[in-house]
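J.: Below: one structure in C-alpha cells.
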Amino acid sequence: MCDPFIRNHQYNFIKKQADSLLNAIRTNADSKVLASLRYFTETKLDELFPLATEGQKQMLNRISTLEKADDFQQYIKALEPYIIGFPQATEKQLLKLFPKNKKLKLPDLSTIDHRYVTYLSWMDIATNKLFMVYHANGQFIGIEGRATPTNKKSFCFVCNRYEELVLFSATSKIRPPKSSPDYYKTVGNYLCMNSADCNKNISDISALEKFIDSVNG
C-alpha cells in the first residue's frame, strides 16, 4: 500500500525541477554546473517535504541520480501513486458553500481527476461569475466573484504561467471595526481562464492562499 504524501502543487514542482535538470543534461552543461544543479534540486525537495520519512526522501532524491529522458519519465510516473487527491466534495457540499446562488450549475465532478487538483473552479457564463473551492484545515472554502475576460495573455497570479486570463473580483468578507453598513471592499486578481491548465502548472500555493485569506479572512 502506498502512503500518499505529495500534493498536486508539490508534484508539479518536482516535474519542473526534473525538466530543468534534464534540460541541463541535454545541453551538455559543465560537469561542475550539473553537479551543483543536482545538489540544488535535492536540497529544494528536502525543503519542500520537511516531514518526509527516510524512505520518502530516498525516493524523491533519486532525481539527482537520473541521466536519461526515460529515467526522468519513469521517476515522475513512479510518484503518481503517492499523490494526495483533492478531497471529493458532494454536490450538496458544494451547493452549501454558495447558498445565495439558488440555481447554481456545478461542474461534472465525475470527469475530474482529483489527484491533479489544487483548487476547483468553474464559470457560470449566464451571470459572468466564477466559483472557486479550496480545501484547508479539514474544510472546504468557497469564493465567488465576477469574472471579466481580458481577451489577452499574461501571467496568472496563481500559477505564474503566461495564459489566457480573466479578472477575478470577489467581495471581501473582512470588515474594519466600526465600518458603515454599506462598506465593502473588492479583491481582484488575474486568474487562468482554464482552471485545468492552472492546476497542471501551479507549484506554489502561497499566492492562492493569500488571496483566499484576503477575501475570507
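J.: Restricting the stretch 54-64 to residues that are in contact (Cβ under 8 Å) with a residue 24 or more places away in the chain and not hydrophobic (A, V, I, L, M, F, W, C), which is nearest to residue 25 (Cα to Cα)? Spell out how you get there, then give the answer.
T.: Narrowing the stretch 54-64 to residues in contact (Cβ under 8 Å) with a residue 24 or more places away in the chain: 56, 60, 63-64.
So of that shortlist, the ones also not hydrophobic (A, V, I, L, M, F, W, C) come out as 56, 64.
On the way: 56: 25, 64: 11 Å.
Step by step, filter the stretch 54-64, then rank; the result is 64.
Yes/no matrix, rows are residues, columns are (1) in contact with a helix residue (DSSP H, G or I) (Cβ under 7 Å, 6 or more places away or on another chain); (2) open to solvent by 70 Å² or more (accessible area, probe 1.4 Å):
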{"residue": "47", "(1), (2)": "no, yes"}
{"residue": "75", "(1), (2)": "yes, no"}
{"residue": "82", "(1), (2)": "no, no"}
{"residue": "86", "(1), (2)": "yes, no"}
{"residue": "89", "(1), (2)": "no, no"}
{"residue": "102", "(1), (2)": "no, yes"}
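J.: Scan (1) crowded, with 18+ Cβ neighbours inside 10 Å; (2) out of contact with any strand residue (DSSP E or B) (no Cβ under 6 Å at 6 or more places or on another chain) for the single condition residue 137 breaks and write down its number.
T.: Just one mismatch for residue 137, condition (1).
J.: Quick one: residue 119 ticks every box in (1) open to solvent by 70 Å² or more (accessible area, probe 1.4 Å); (2) in contact with a strand residue (DSSP E or B) (Cβ under 9 Å, 6 or more places away or on another chain); (3) within 26 Å of residue 197 (Cβ to Cβ) bar one, so which box is it?
T.: Of everything listed in (1) open to solvent by 70 Å² or more (accessible area, probe 1.4 Å); (2) in contact with a strand residue (DSSP E or B) (Cβ under 9 Å, 6 or more places away or on another chain); (3) within 26 Å of residue 197 (Cβ to Cβ), residue 119 misses just condition (1).
J.: Could you run through the stretch 102-135 and say how many residues are assigned to a loop (DSSP other than H, G, I, E, B), of a type outside the set (Asp, Glu) and under 25 Å from residue 13 (Cβ atoms)? Spell out how you get there, then give the answer.
T.: So the first thing to find is which residues in the stretch 102-135 are assigned to a loop (DSSP other than H, G, I, E, B), and the list is 102-108, 112-113, 117-119, 125-128.
From what is left, the residues that are of a type outside the set (Asp, Glu) are 102-107, 112, 117-119, 125-128.
Narrowing further to those that are under 25 Å from residue 13 (Cβ atoms): 112, 117-119.
Number of matching residues: 4.
J.: Which condition does residue 176 not pass, out of (1) modelled with pLDDT under 90; (2) open to solvent by 60 Å² or more (accessible area, probe 1.4 Å), if it passes all the others?
T.: Exception for residue 176: condition (2).
Residue-by-condition table, conditions (1) of a type in the set (Phe, Trp, Tyr); (2) closer than 19 Å to residue 2 by Cα; (3) in contact with a Lys or Arg (Cβ under 7 Å, 6 or more places away or on another chain):
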site	(1), (2), (3)
40	yes, no, no
43	no, no, no
56	no, yes, no
72	yes, no, no
79	no, yes, no
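J.: Let me ask another. Looking only at the stretch 179-217, which residues are polar (S, T, N, Q), part of a loop (DSSP other than H, G, I, E, B) and either closer than 20 Å to residue 97 by Cα or at pLDDT 85 or above (or both)? Give the steps one after another, and end with the answer.
T.: Initially, the stretch 179-217 is screened for residues polar (S, T, N, Q), giving 179-180, 186, 189, 194-195, 199, 201, 203, 206, 214, 216.
Of the ones still in play, those that are also part of a loop (DSSP other than H, G, I, E, B) are 179-180, 194, 203.
Scanning the stretch 179-217 gives 194, 203.
J.: Sticking with this one: Can you tell me how many residues in the stretch 79-96 are in a helix (DSSP H, G or I) and over 20 Å from the mean Cα position of the chain (by Cα)? Walk me through it before giving the result.
T.: First pass over the stretch 79-96, keeping only residues in a helix (DSSP H, G or I): 79-82, 91-96.
Among the residues that remain, those that are also over 20 Å from the mean Cα position of the chain (by Cα) are: 91-93, 95-96.
So the count comes out to 5.
J.: Suppose we filter 63, 76 for residues that are in contact with a Ser or Thr (Cβ under 8 Å, 6 or more places away or on another chain), of a type in the set (A, V, I, L, M) and not in a loop (DSSP other than H, G, I, E, B); which single one remains? Break it down stepwise before answering.
T.: On the way: 76 fails: in contact with a Ser or Thr (Cβ under 8 Å, 6 or more places away or on another chain).
Going through 63, 76 in turn, just one is in contact with a Ser or Thr (Cβ under 8 Å, 6 or more places away or on another chain), of a type in the set (A, V, I, L, M) and not in a loop (DSSP other than H, G, I, E, B): 63.
J.: Is it true that some residue in the stretch 14-36 is touching a strand residue (DSSP E or B) at 6+ places or on another chain (Cβ under 9 Å), assigned to a helix (DSSP H, G or I), within 30 Å of residue 140 (Cβ to Cβ) and modelled with pLDDT of 95 or more?
T.: Yes, because at least one residue in the stretch 14-36 is touching a strand residue (DSSP E or B) at 6+ places or on another chain (Cβ under 9 Å), assigned to a helix (DSSP H, G or I), within 30 Å of residue 140 (Cβ to Cβ) and modelled with pLDDT of 95 or more.
The values are calculated or read from the model by the stated rules, or taken from the named source; none is laboratory data. Note that the coordinates shown come from a computational prediction; the quantities given were computed from them, not determined experimentally. Backbone-built Cβ (ideal geometry, glycine too); neighbour counts: all protein chains shown. With ligands, DNA and RNA removed, areas are computed over all heavy atoms of the protein, side chains included. Shrake-Rupley method; radii C 1.70, N 1.55, O 1.52, S 1.80 Å.
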